[in-house]
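Q: Quick one: structure below, then a few questions.
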Amino acid sequence: SCDCFSASVERARVNVFGGANQGTRIPTAIELTCADPAAPCTLPNIFVADPPLKQVVATTYEAGVRGRIGATGFYSAAIYRTDLADDIQFISAGSGAVNAGYFQNVGKPRRQGVEISGGATWDEVRIVARYSLLDATFRTGFAANSPNNSSANADGQIQVQPGNRLPVLPRNALRIRADWTHGSFALGASVLAADSQYSRGNENNADPSGKVPGYALAALDGAWNISPEWQLFARIDNLFNKAYQNFGILGANDS
């Protein structure tokens, strides 16, 4: 469900906009069947009891500006804030498999940030760039099991504090795309760069080894329109065959 409000004012080639909305989602069947700390699971496959998970309520505010530059250029900039009430997180069980755990309501995380984009076209060439800054933090403290976290106590628990960053979410991301079109031929190149992120299990941000490093990837693609009905297309997603990680979980070395 969603209660939404938005407004915009446009004058000449500039559009100023803003909005507010509130949406909810109920816990999924998988979250409900795996919400008991006394019975953690790795892959829920039998739907049984209905634990008392609360629905997630998200309230978002957004404001920004967008417009045109010359005949073919454009820009957009926006700031936003989303506050979640009773967000659901997967909490490690602290025993058994490293991915064993249960779902739990964890208070009021916040996601806020800035999104900027712009682009232009020159004859057969078009370039578009998008940048995002995401500040995603817990706003409510809670205890979590993470025995492989170097800051865990004797019981394998860590204390997540308000202001700690949410794991597996990079703070900065940049995407650049360039296209060249000539007749029935088209070539494109793109670059994706992402900042470092905290691993799952390092929700308190206290383990110095619990980070996934940032990365940058380049991709190349091309297309040939053989006829109105046929197109030959090829793409290389990781042009330089670079090793990278976009997810991490704290674990113990098997040595």
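The values are calculated or read from the model by the stated rules, or taken from the named source; none is laboratory data. These figures come from a predicted structure and were not determined experimentally. We place every Cβ from the backbone using ideal geometry, glycine too, and count neighbours over all the protein chains shown. All accessible areas refer to the heavy atoms of the entire protein, side chains included, with ligands and DNA or RNA removed. Shrake-Rupley method; radii C 1.70, N 1.55, O 1.52, S 1.80 Å.
Q: Could you pull out every one of the lysines with an alpha carbon less than 23 Å from that of residue 54, ignoring same-chain neighbours closer than 8 positions?
A: Qualifying lysines at Cα under 23 Å: 108.
Q: Keeping all protein chains in place, calculate the accessible area per residue for the chain (probe 1.4 angstrom), answer in Å².
A: Counting only protein heavy atoms, the per-residue value for the chain is 59 Å².
Q: Wrap a convex hull around the Cα atoms of the stretch 210-252, take a quarter of its surface area, and give that in square nanometres.
A: Values: hull surface 18.8 nm².
Taking the Cα atoms of the stretch 210-252, their convex hull projects to 4.7 nm² on average.
Q: Note down, for the chain, the three equivalent ellipsoid semi-axes (square root of 5 times each alpha carbon gyration tensor eigenvalue), biggest first, whole angstrom.
A: Numbers: eigenvalues 318, 128, 69 Å².
Semi-axes from the Cα gyration tensor: 40, 25, 19 Å.
Q: Further question: Where Lys and Arg each count +1 and Asp and Glu each count -1, what net charge lies around residue 150 among other residues with Cβ under 13 Å from its Cβ?
A: For residues surrounding residue 150, the net value is 0.
Q: Test of understanding: what is the full-extension gain from residue 182 to residue 218, defined as 0.36 nm times their sequence separation minus their Cα-Cα distance?
A: Extra length available between residue 182 and residue 218 comes to 10.7 nm.
Q: Over the alpha carbons of the stretch 127-250, what is the largest minus smallest coordinate on each principal axis, giving the biggest first in Å?
A: Over the stretch 127-250, Cα extents along the principal axes are 67, 25, 24 Å.
Q: How much of the accessible area of the chain, probe 1.4 Å, is carbon plus sulfur, in whole percent?
A: For the chain, the apolar C and S fraction of the accessible surface comes to 57 percent.
Q: Hey, another quick one. With a cut-off of 8 Å between alpha carbons and a minimum separation of six or more residues, what is the relative contact order of the chain in percent?
A: Working: 635 pairs, mean separation 29.6, N = 255.
Relative contact order of the chain: 12 percent.
Q: Dipole magnitude of the chain about its Cα centre, charges +1 at Lys/Arg Cβ and -1 at Asp/Glu Cβ only, in debye to the nearest 20? Working shown, then result.
A: On the way: 21 positive and 22 negative charges, 147 e Å.
Dipole magnitude for the chain comes out near 700 debye.
Q: Given the -39500 (n - 2.57) contribution per DSSP H run of 4+ residues, what per-residue ellipticity at 222 nm results for the chain, rounded to the nearest 500 deg cm²/dmol?
A: -500 deg cm²/dmol
Q: Of the peptides 68-81, 231-244, 188-201, 24-37, how do they stack up when ordered by the mean number of other Cβ atoms within 10 Å, highest first?
A: Highest-to-lowest ranking by the protection proxy: 188-201, 24-37, 68-81, 231-244.
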